Amino acid sequence: MLTASKALMGVTISALLIAAPASAADENIDALPRQKVTLVAPPFVHPHEQATTSGPKVIEFTMRVEDKPVVIDDQGTTLQAMTFNGSIPGPLMVVHQDDYVELTLINPETNTMAHNVDFHAATGALGGGALTLISPGEQVKLRFKATRTGTFVYHCAPGGAMIPWHVVSGMSGAIMVLPRKGLSNEKGEPIKYDKVFYIGENDFYIPRDEKDKYKTFGSHGESYPDTLKVMNGLIPTHVVFNGRVGSLTGKSALKAKVGETVLIVHSQANRDTRPHLIGGHGDYVWEEGKFANPPAKDLETWFIRGGSAGAALYTFRQPGIYAYLNHNLIEAVNLGATAHFQVEGTWNDDLMKQVAPPGPIATD
Ligand SMILES: [Cu+2]
């Protein structure tokens with residue numbers, strides 16, 4: 001049986017010990033205003049203020065865990081996925097520094113496994129993982145203070161070998177903790193975005209049959225032994241943005257206009273990656289995603305460490321289709337890690353012009 005109960009015994013016992021009666025902190029926090037936020041599926045992000053003049057709040061989020069098969073490419077390859085809120089990655093949460101994140105996590109009865117959430121933005125109790133482990137049919141409420149600004153991964157971490165399996169089955173997302181005065185550049189001057197997109201990159205490990213075809217399994221438990229073998233080989237079969245090959249290309253391309261400033265939050269919970277915008281740049285990039293550090297400027301490619309989320313800001317200057325990809329080009333083109341931006345506007349000949357079209361080689 002594939003439960004992590006033995007591995008988790010220590011964690012669940014400590015969780016019981018940590019659960020404490022109302023404290024002085026509770027009373028102070030109870031006096032704060034509350035705001036309920038409905039999360040939206042990536043690449044989109046729930047409405048939020050960038051700079052805020054209000055004081056700290058308690059921001060309430062709810063996420064349901066959905067264990068379900070998900071098709072991850074155009075060939076119909078099916079992952080026995082585990083998801084936060086039904087999407088891969090889970091939704092991006094946005095709060096401000098010193099806000100309190102109050103998450104209700106629901107594990108419906110229809111699921112078969114225990115899940116939890118470890119917030120890299122949180123302090124203590126395995127990022128909240130020790131306080132949120134719930135079986136199917138349970139829910140739990142966690143509150144943490146967003147003390148540090150930046151973009152941070154959250155992921156399921158139910159103990160032992162369940163941790164990497166749940167993560168590479170889709171259970172990760174990100175939270176962005178904005179400075180209360182909003183983002184600023186290296187001089188401390190305010191900078192704003194017109195749009196924000198959240199791209200979560202995933203490495204998937206789908207087993208193959210004797211004929212080299214991807215196997216389909218009837219359940220998570222059935223898929224686990226073969227999947228573990230592929231996982232432990234450390235060579236992913238798919239490296240994708242937002243849950244499947246082509247999720248952000250063609251008709252699903254991300255839309256922008258010339259002159260618009262776009263913030264791209266990019267997370268990878270398990271493996272390193274190196275985003276690149278073909279034909280564009282990172283005007284300002286928080287490679288490690290932490291806004292207390294000045295952003296790097298004019299980057300061509302940036303590095304997102306496995307287990308982190310970074311943020312890149314770019315103002316589009318030319319119309320057209322831009323590929324935004326993992327610049328391991330094998331992973332981008334052959335394994336799936338490519339998105340498209342479709343940018344409307346007027347072409348600027350000063351920045352680029354085809355001076356002579358393709359033609360025969362001149363002979364003079
Ligand atoms: Cu899980």
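See the values below:
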| read-out | value |
| --- | --- |
| Charge sum, other residues only, whose C-beta stays under 13 Å from residue 220's C-beta, Lys/Arg counted +1 and Asp/Glu -1 | -3 |
| Vicinal HN-Hα couplings computed from phi for segment 273-289 (Karplus, 6.51 cos²θ - 1.76 cosθ + 1.60; Hz; Gly/Pro x) | 8, 9, x, 8, 10, 5, x, x, 8, x, 4, 9, 10, 9, 4, 7, x |
| Over the chain: Kirkwood hydrodynamic radius from C-alpha pairwise inverse distances, Å | 21.6 |
| Of 294, 43, 89, the one that fluctuates the most in a GNM where the chain has Cα springs shorter than 10 Å | 294 |
| For segment 244-255, Karplus couplings with θ = phi - 60° (6.51, -1.76, 1.60), whole Hz, Gly/Pro x | 7, 4, x, 5, 10, 10, x, 4, 9, 4, 6, 9 |
| Where the Cα pairs of segment 114-168 fall when distances are cut into 10 Å bins, in % | 25, 53, 21, 1 |
| Shape metrics for segment 33-116, restricted to C-alpha atoms - Rg then Dmax, Å | 15.6, 50 |
| Cα-based Rg of segment 181-324 normalised by 2.2 N^0.38 Å, two decimals | 1.25 |
| Cβ-based net charge around residue 342, under 11 Å, with every Lys or Arg adding one and every Asp or Glu removing one | +2 |
| Rg to Rh quotient for segment 267-306, alpha carbon positions, Kirkwood Rh | 0.97 |
| Burial order of peptide ranges 300-312, 165-177 (average beta-carbon count within 10 Å, highest first) | 165-177, 300-312 |
| Solution diffusion estimate, µm²/s, Stokes-Einstein, segment 140-231, Kirkwood Rh from C-alpha pairs, 25 °C, viscosity 0.890 mPa s | 146 |
| For residue 184, distant residues with modelled amide H under 5 Å away | 191 |
| Nearest-20 debye value, the chain charge dipole, Cβ charges on Lys, Arg, Asp, Glu | 320 |
| Residue with peak Gaussian network fluctuation, the chain [Cα springs, cutoff 10 Å], from 66, 189, 49 | 189 |
| Relative contact order (percent, whole number), segment 59-118, Cα cutoff 8 Å, 6+ residue spacing | 43 |
| Derived scalar couplings ³J(HN,Hα) [segment 129-135; Karplus, 6.51 cos²θ - 1.76 cosθ + 1.60; whole Hz; x for Gly, Pro] | x, 6, 10, 10, 5, 10, 7 |
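Since every read-out is calculated from the coordinates, none of them should be taken as a lab result. On a predicted model such as this, the values are computed, not experimentally measured, just so you know. Heads up, the Cβs are rebuilt from the backbone with ideal geometry, glycines too, and the neighbour counts pull from every protein chain shown.
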